[in-house]
Amino acid sequence: MAMNPPDEAMDGAAVDPGGDTIDVMLAEPRGFCAGVDRAIEIVERAIRKYGAPIHVRHEIVHNTYVVNDLKAKGAIFIEDLAEVPPGATLVFSAHGVSRAVRDEARARGFNIFDATCPLVTKVHVEVAKLSKEGYEFIMIGHKGHPEVEGTMGQLSEGIFLVEDVADVERVAVTCPDRLAVVTQTTLSVDDAAEILKAVKRRFPQVREPKKQDICYATQNRQDAVKVMAPKVDVLVVVGSPTSSNSNRLREVAQRLGTPAYMVDSAEELLPEWFEGRSRVGLTAGASAPELLVQQVIERLRSLGAVSVRKVPGVQEDVHFPLPVGLGDKSMAALDAARS
C-alpha cells in the first residue's frame, strides 16, 4: 500500500554531527498487521467505488498519519451516527462496535462495510455464543478503549470489566459457575496473564477462550521488543498516543529496564535521548505505517546513526479477506466499467 513502502536497504553511513556514533537495531516484525492493512484498504476501496466522502465511525486505526491521509482522500471520521447523512456509505473501524451501534446504523439505512479486525470479531462471536448458553463474562481490558466498548456492547448485561488484579477481587458476578473470560486483543501479554491468573484463582471454574484472545501481531511485536530491549541503550516506538498496542511496546521495554520513547513522527525525536547511547532499538505499533519508520531512520542518521540492521524475528504471512463488494473481482469489474 502507498503508506507501507518496501523496506529500503538497512545499511549506510552518515556524517556524525556530535562525535558519537549510533547503531540502530530494527525490530522484526513491526508496523502494520493484517487487520490494519485490511481496515485501511476497506476505506480506500470504498472511496474508490462510491466516491468521496465516505464516513468512518471512529478513527479507522489509532494512527494520526493514517487518519490524516484518509481524510485527504475523502474519509470523514465521526463518533455519532447522527452526523452521517441518510443513504451514506459507513465503515466501522477496526476496533469493532457494539450491537446498539450496529443496529442503529442498519435502521438508518446506511451502506455499511465492517472493517472490524477478524480477531476482534472472533471475540464478539464467542461472547454471543456463550451468552446464549447462560454464561456471564469477565473482560480484561482498558476502560474507554473502543474495542472494549464494542465487545462489552455485544451484551446488555452480564459482562464485567477488570483492568487489574485489584479489580478481579472486587468484581461481583452473579453466576460464578457459568463464567467465561475474554480479553482486549491489544493488551500486554504479561499483564493479561497475571490478571487471568487472578481470575482463575478466584473463579476456578472459569472458562478460558479456546485460543488466546490477544492477537498474533500484538504477541509477536512484544516478543520482538523483549528480545531487543536488553541489547540496546534506548528504544524508540513509532506509534500514536491513542494506540494501545504501541503503548504496550514502550511499557515492555521499560519493564526490562530499557529507556523507551514513543513518537508519532520523526519530528518528535529529541537529540538528548541518544546522548551517550550507541545502540538504539526501533519498532512500530501495528497501526503505524512503514513510511514513518523510514522517516525516523533518516532522522537518526542525521543524529549520528551509521548503521541500521534488522533483528531476525517471526515472519508474518496472515491475510484477511475483504468484505463482499470490495474484493478484487468487484473492483476489477468497476475498473472495467469505468475504462
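The numbers here are math on the coordinates, done by the rules we state, and not lab data. Predicted model, so just to flag it, every value in this text is computed and none were measured. For neighbour counting, all protein chains shown are included, and Cβ atoms are generated from backbone atoms with ideal geometry for every residue, glycine included.
Brief remarks follow.
- Extension reserve of the R201-Q315 stretch, reckoned as 0.36 nm per residue once the Cα distance is removed: 37.5 nm
- Within a Gaussian network of the chain (alpha carbon springs, distance under 10 Å), most fluctuating of H62, H319, H124: H319
- Relative contact order %, the range 119-202, counting alpha carbon pairs below 8 Å whose residues are six or more apart: 37
- Between N68 and D177, the FRET efficiency from the beta-carbon distance, with R0 = 41 Å, is close to 0.25.
- Once exposed loop trypsin sites (Lys or Arg not before Pro) are cut out (DSSP; at most 12 other Cβ, 10 Å), longest piece of the chain: 1-142
- Altogether, the Stokes-Einstein calculation at 25 °C and 0.890 mPa s, with the Kirkwood radius of the chain over Cα pairs as Rh, returns a diffusion coefficient of 114 µm²/s.
- Each Lys and Arg contributes +1 and each Asp and Glu -1, all at the Cβ; summed about the Cα centre of the chain, the dipole is approximately 960 debye.
- Note on the chain: GNM, Cα springs under 10 Å; of D317, D264, D80, the largest mean-square fluctuation is that of D317.
- Longest DSSP-loop-exposure-free segment, GluC sites (Glu not before Pro), the chain, at most 13 other Cβ within 10 Å: 158-274
- Across the alpha-carbon atoms of the range 211-289, the computed radius of gyration and Dmax are 12.3, 44 angstrom.
- GNM top mover of S243, S265, S302 - the chain, alpha-carbon springs below 10 Å: S302
- Charge dipole (the chain, unit charges on Cβ, about Cα centre) - positive-most of A305, I159, Q254: I159
- The 3J(HN,Hα) values that the Karplus relation (6.51, -1.76, 1.60; θ = phi - 60°) gives for the range 215-230 are, in residue order, 6, 4, 5, 4, 4, 5, 5, 5, 4, 5, 5, 4, 6, 7, 3, x Hz. Gly and Pro appear as x.
- For the chain, the relative contact order comes to 29 percent (Cα pairs under 8 Å, sequence separation of at least 6).
- Pairwise FRET efficiency - Q254 versus K143, Cβ, R0 = 25 Å, nearest 0.05: 0.70
- Among Y135, V199, S287 the positive-end extreme of the charge dipole of the chain (Cβ point charges): Y135
- The stretch between E194 and T21 holds 58.3 nm of extra length on full extension. This uses 0.36 nm per residue minus the Cα-Cα distance.
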